[in-house]
Every structure is written in C-alpha cells, then in structure tokens.
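Remarks on the structure that follows.
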Amino acid sequence: MAAKYYGVIMVNVQGSELLIVNVKNLKTLEHVKKDINLGEDVYQDQPVKYDSVSRVSEAVTGFIQILNDYGVTNYKLFGSSALHQAFNSDFIADQLFLHTGMNIEWLSTNEETYFRNQNISLELAKNEADKNRTVFLVGITSGNTAITEFKNGQFVDSTSFALGPTKIAEDLQSLRETAPNSIGLLNDYIDSKLNDFYMGNPASVVSSQEPNKIILLGSLPLQRLVENYEHAKVGDAISAEQFAKLVDELVDASDQYLIERLQVERDYIPMVLPELLLTRRILRLANANELGFSDSGVVDGLVNQEAMEQGYAKHDFTPEIIKMALNLSEHYDVEPVHRDLVTKFSLHLFDQLKPLHKLGRQERVLLQVASILHDVGNYVGIHEHYLHSEYIILHSEIIGLSADDIRVIAAIARYHSSTTPNEDLIHFQHISAESRRLIAKLAAILRLADALDDDRQQKIKKISVSIKEPKVVITVFSNANLAYENWIFNAKSHFFAEAYGYRAVLKQRGVKAK
C-alpha cells in the first residue's frame, strides 16, 4: 500500500515542510509545517546558527518518523535556493545528512518558480474568467520575487529578482533611522528593482491597457491578514482599490493592532509592511484590477513531477521550459528557420540513437534547449560565437532547470561548433565524469544536426537514421547539390565517433516530385 505514496521534505529560510501524497491520484495523506526562521542570518550575510540548524535537523528527523509510521519509503529532501545562499549551506547539508542520513537536493530559483506555478496554471486553463485575460502568478519568498505571465490560459514568460520581504524589512529599518520619508524612499527602491520586469515583458505590461489579475502564491500570512481585514471568505479575491486602501491604513498600524485585530503571527510582524508595499507596486506595474491568492507551493510541484515520472500524471510542464528557451533565443535575434530545423534534426537523432546513448526524457529536454540556444552568441559576435553562447546561457534564467542543467546546456553550446571536450581539458576538468559523458553525447548530436544546415539554406528538410554497426547511417532527402554539407559533415563527425564509438556516415536520397 505504501508503495504508491511519495513524500517531499522541503527546507527553506522560513522552516521545514512535509507533504505525503498518493501519486496515483495526488490526494494528500499528510501535510506538516514547522516554522523556523533562518532568514535573519541568511539575509544579513551571517552563517546560520548552530542552534537553528539543530532545530531544522530535529524537524526533518520528525518528518522521517512520520514517513516511517506510514510505511513510506519513497521520499526526498529538498532545500530552497535562498537557504543555499547561506555562507554555511554546505555545513547545513552535512549536518542534515549526519542526523537523518538524507542528502539534500538544492533547488534553483528557476526550479522553485516552475514547481510553484504548476497547480495554479492548470486551474487557469480551466477557469473561463481567467482563461480570457492576462494573469500574473507572483511567488514571494523571503528574499526573492518571481512573476510569471499567463495570457488566455497559456504560459508567456517568467522573470525573477532578488527582492523579498526579509530584504525589504532590513532596508526599511535602516531607512527609518536616516530618512524622514522612509516609506516613499522604500517605494522608489522597490520600483528600481521592478524595472527589470518592464524590460522583460514589454508587450503585455507596458502597452496593454486591459486590466489584469495577480495571484499571490504561497503567501499564507498575507492572505490571512487580508481576509481578516476585509472579513472575506477563504480564497476570495479583492479589488486593487481595496488592497490599496488596506495598505494606506496599515502603513502606521501598531504591532498590537496587527496581532489582536488581524490575527497576525508575531514572527510575521516585521514582514507585513514590506510584503504589502511590494504587492501594491506589482499590482500597479501589471495594471491589475484584482488580487487573488493560492496556496500552491513548491512541494506541490515536486509531487506532480514524481507522479509524471512514474507515469501517473498526464500533465507535462516541459513546454514552459521550451517556451522560455524560445523567448531567450528571440531576445538574442537567433535566426528562427535554422534554429527550428537544427532542433528538429537533433531530436530525431536523439530518438533514433537511444539504443546507443540510453538517455531519457530529461536529457532530451537539455538537448532541445541547447539546440534552440546554440547560436545566441552570434548576438555578441560571429567569431567564436560558441563561447559567447556559453556565457549567455550561463547567465540566463530558464524556469524548470537546475543550475547543473544550465551548466550542461551551456557546455553543449560551447562544443557544438569546433573545439571538443578532449581538446579543452582545462575548461572541462571541473565537470564530473558523468556530466562530461553526457555533454559529449549531446554535443556530438547537436554538431551533426548543425552540420546538416551549416550554410543556412535549408537544402535538407528530412532525415532518417539507421544503426549498422560500426556505422550510423544518416540518410538525407534532398535533390540539391550537397557537396558543402558532405564536407562539413565529415569534418564534424569525428567527434561523434569519439563519443559513441560509431562512425557517422551521410547518405543522400533524392526526393520525387509530387
């Protein structure tokens, strides 16, 4: 019975959380939270205190006991990107392993956004009112804010910035000591950070005059405050005007009023004003006339991912990753016809070569993203563009991908053109042996796919692949003169032979006129 259950333990700067679900139907068996405030240390650039780490270890140990009581054996431990930024995050990971025997998997900000969005994005696609307008999902954590745009129920784009209530609260304290109008100055400070959002979403935010909606994700303390202030039902949305009025009235509210009248937890008091101000500025920025709430969190997305990997869930959120990659390629003026053709060839080669590389769905996604982005470096300069591509990818945001995923994709782009990993040992030696093999296999595929349209003339529209040991025969269908393609293919296929132990051979077949 317990085999169908999956447990997720999440550790972040606010505490620890356990979610146990039935992966067949995603029904919750147990959901437990333990509040432990670590943000004070993390955002003041101090190591997390020993006592705090001990409390986290105790909480995780307690969660493992709950898992054992239910007989759940399939469970994982994750850590937030904010906690990973702590000076002693390695120490925290080591202590958790010593006390619990579990290795922590650190999530990137992009992964957290991706997982947090999943449940609510499914609801948006079904809700008629939300399906026909622009909706912004806003995930506010202690030190980060992520904004994801959906238009007519479809994912558009996502961006994030290192600004959250804890950071704002620290700056507010120093501003109050030095500035007479600290609130006005703080609003200007928040606006300066949000300007990047204007730059990232000009079409929908800057030019659109239609009112939009914002949904705050996982902001339970603020949701309770609003519900108590407005005497609203759980889950009710409020107008932007109502929220603005609330902020104006609570700017100078006493701690006693917040605790007694609005039932705000004492630990959340320092975060009230920062989160109110940040949310109000985002409402104005997005031209939103309505504010809603959702308790969809990172742990929900993580169990969705497990259900999908086990074959129980049909909802695949990979298209959001691909859309982000396409957005990035368009931002850097990548030529779309060549990009799409190379991506098509790469994925076909990957699928047909599976008996050789034995890689799975996630690796296919990495190759697809690398194929879409391999030429972004041309924006900087054509000479050694592959090095520029690597740099741009390493410094870009793509939700749903980990920091390791981004590094792999960047390396594939680096080696898609001329140099190879075995010629570039100084750069390549810091990567694990397993990752080196993966990068080599995927870069070799991309290199072949790119060679088939090296002159950007799209002479080849279709290919087929057959494995005939010790050769891989790639048949291209075209009536054009492919002398140049043959020359480039032969030059670039040496790396494929090194990575796979098979020689890639190009064969041409004519196309009959219809």
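The values are calculated or read from the model by the stated rules, or taken from the named source; none is laboratory data. Quick caveat, the model's predicted, so the values are computed rather than measured. Positions of Cβ are backbone-derived with ideal geometry, glycine not excepted, and every protein chain shown enters the neighbour counts. For accessibility, only protein heavy atoms count, side chains too; no ligands or nucleic acids. Shrake-Rupley method; radii C 1.70, N 1.55, O 1.52, S 1.80 Å.
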Inset, instruction - Quickly run through the range 374-412 and pick out the residues that are buried (at least 21 other Cβ atoms within 10 Å of the Cβ), over 25 Å from residue 84 (Cβ atoms) and aliphatic (A, V, I, L, M). - result: 376
Inset, instruction - Give the residue, chosen from 328, 366, that is at pLDDT below 95, within 22 Å of the chain's Cα centre (by Cα) and in a helix (DSSP H, G or I). - result: 328
Inset, instruction - Quick one: residue 94 ticks every box in (1) under 20 Å from residue 304 (Cβ atoms); (2) without any contact (Cβ under 8 Å) to a residue 60 or more places away in the chain; (3) assigned to a helix (DSSP H, G or I) except a single one, so which number is it? - result: (1)
Legend entry - Those residues of the range 32-51 which are modelled with pLDDT of 85 or more, open to solvent by 60 Å² or more (accessible area, probe 1.4 Å) and under 27 Å from the mean Cα position of the chain (by Cα), in sequence order: 33, 34
Inset, instruction - Could you grab me the full set of residues in the range 245-264 that are under 19 Å from residue 278 (Cβ atoms) and surrounded by 14 or more Cβ atoms within 10 Å (Cβ to Cβ)? - result: 245, 246, 247, 250, 253, 258, 262, 264
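Could you tell me how many of the residues in the range 395-409 are in a helix (DSSP H, G or I) and closer than 21 Å to residue 147 by Cα? Working first, answer last.
So the first thing to find is which residues in the range 395-409 are in a helix (DSSP H, G or I), and the list is 403-409.
The next check asks that each one be closer than 21 Å to residue 147 by Cα; those that pass are 403, 406.
Qualifying residue count for the region: 2.
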Legend entry - Counted residues, the range 472-483 - those being surrounded by 14 or more Cβ atoms within 10 Å (Cβ to Cβ) and without any contact (Cβ under 8 Å) to a residue 40 or more places away in the chain: 7
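Yes or no, residue by residue, for (1) at pLDDT 90 or above; (2) assigned to a helix (DSSP H, G or I):
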| residue | (1), (2) |
| --- | --- |
| 19 | yes, no |
| 30 | yes, no |
| 53 | no, yes |
| 57 | yes, yes |
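Does the range 13-21 contain any residue that is open to solvent by 80 Å² or more (accessible area, probe 1.4 Å), without any contact (Cβ under 8 Å) to a residue 60 or more places away in the chain and either out of contact with any helix residue (DSSP H, G or I) (no Cβ under 7 Å at 6 or more places or on another chain) or not polar (S, T, N, Q) (or both)? Let's see the steps before the verdict.
Going residue by residue through the range 13-21, those that are open to solvent by 80 Å² or more (accessible area, probe 1.4 Å) are 14.
Still in the running and without any contact (Cβ under 8 Å) to a residue 60 or more places away in the chain: none.
No, the conditions are met nowhere in the range 13-21.
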Inset, instruction - Would you mind telling me which numbered condition in (1) touching a His at 6+ places or on another chain (Cβ under 8 Å); (2) open to solvent by 10 Å² or more (accessible area, probe 1.4 Å); (3) under 30 Å from residue 380 (Cα atoms) residue 341 fails? - result: (1)
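Hey, among 361, 266, 281, 261, which residue is modelled with pLDDT of 90 or more and charged (D, E, K, R)?
On the way: 266 fails: modelled with pLDDT of 90 or more; 281 fails: modelled with pLDDT of 90 or more; 261 fails: modelled with pLDDT of 90 or more.
Every option except 361 fails the conditions.
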